[in-house]
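The values are calculated or read from the model by the stated rules, or taken from the named source; none is laboratory data. Keep in mind it's a predicted model, so treat the numbers as computed, not measured. Positions of Cβ are generated from backbone atoms using ideal geometry, with glycine treated the same way; all protein chains shown enter the neighbour counts. Surface areas here come from the heavy atoms of the whole protein model, side chains and all, with no ligands, DNA or RNA. Shrake-Rupley method; radii C 1.70, N 1.55, O 1.52, S 1.80 Å.
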Amino acid sequence: MITSLVMGLVGGALLTGFAAWFLKAESEYVVGFLLLLAVVGAVAASRLGALDRIGVAFGAYEKSLYAIVIAGVLVLAWIFRQDHFTLLMITTVMVYMLAGLGLNVQFGYLGLINLSGASFIGVGAYTSAVLTMHSAIPPLLILLIGGVLSALVGCLLILPVLRTRGHYAAVVTIAFAILFESFLKVNDILGGPQGLPVGAMSLFGWSFNNPITFGGFQASFYMNYLLLTLAVLALAFALVRRVERSWIGLSMDAVRLDETAAACYGIGIRRWKVLGFTLGNFLIGVAGAIYGMMLGFIAPANFGFSDSLILVSIVLLGGIGNPWGLALASAIVVILPEKLQMIQEYRFLLFASLVVLVLLFRPDGLLPRGMRNYLPGRKVAP
């Protein structure tokens, strides 16, 4: 087991080095080569059993996996400390992962379909815009308020969802996504189609829009948002994992598997659906508040139905119920189109095709099987 853990540490270092190399690559030919190298390396490691041993070790030493991932992100942040765009991409990946955790609670733990994830990100983002412009509320509290308002809006949406089943519930969330974008476009108080500026995050008088300078050390102002998002993501990840392992997670799992049988055993179907939907939307709303402050300006076009489908594709590509797969899926969705500009205009077609292929051949996600089988997290085939 110790040998496997050492292999895990080596694997984490290699993965961090590969990520740095990939983020530094500017030529699309180099990016293509690195993608091919990643696929070949994953297949070879799987055939040799290395992924199985690493997965077993991390399954037994889950806290070690947390530490390695956080350390890897911090190393990348240090390497690209003065690169605005790269830090923005890394932070955006974590914001999408945070929102994906909320959807994973709804999709994977509860079996409740939500195709309006971007709308709840919008609730959090517009909350941060309004509160930073018109009040002196501490920005950290604004993050919580964004999550709470998103959860409250979700409590209204869950009412018609509870009265429907299957694809009809999905249609309700689609309708909400379209209505939310239309509402933003016609509401002049919220900036209409032009959108709103969002105030900067600040902590103890320090504005996150200021670059970090300490002696001879200098870093982009996006470093502030990266560290904040990493801290929030770590807390959210721990919360979701704790919920999954608790009696709350077991009750949600029972509702997902068979509502009739769960009701026969005295499990309140409506109560757990409301709780799971609310918790998921709270996490999505917090992600939206961070996202709005980081961008500095938001508009209805940022929260359209197509963006909700992108969030759904992240959950499907990562594997429903598998929180670790969200990291890989979020990186693919955010970074790949930026590195391969030739596919930028066709990214929705690419993601749609990739989702179809995953659902057909790998319904439990893109994470290599050797890792997926042992990494902590519920595995739910869609």
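So the values come out like this:
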| read-out | value |
| --- | --- |
| Mean Kyte hydropathy of -1.0 or more with a Cα span along the axis of at least 30 Å, helices from DSSP in the chain | 2-24, 139-162, 222-245, 269-295 |
| By average C-beta atoms within 10 angstrom, highest first, the peptides 200-209, 66-75 | 66-75, 200-209 |
| Listed peptides 26-35, 280-289, 294-303 by packing density, highest first (mean Cβ within 10 Å) | 280-289, 294-303, 26-35 |
| Net charge, Tyr222 excluded, C-beta distance under 12 Å - Lys, Arg +1, Asp, Glu -1 | 0 |
| Entry for volume of the Cα convex hull per residue in Å³ (calculated from the structure that is shown) out of [x] 162; [y] 172; [z] 146 | [z] |
| Cβ charges +1 (Lys, Arg) and -1 (Asp, Glu), total dipole of the chain, debye | 840 |
| Whole-percent carbon and sulfur share, accessible surface of the chain, 1.4 Å | 70 |
| Ranked packing of 257-263, 94-100, most packed first, by mean Cβ within 10 Å | 94-100, 257-263 |
| Å² per residue, accessible surface of the chain at 1.4 Å | 46 |
| Value of [θ]222 nm, deg cm²/dmol, for the chain, DSSP H segments ≥ 4, -39500 (n - 2.57) each, nearest 500 | -24000 deg cm²/dmol |
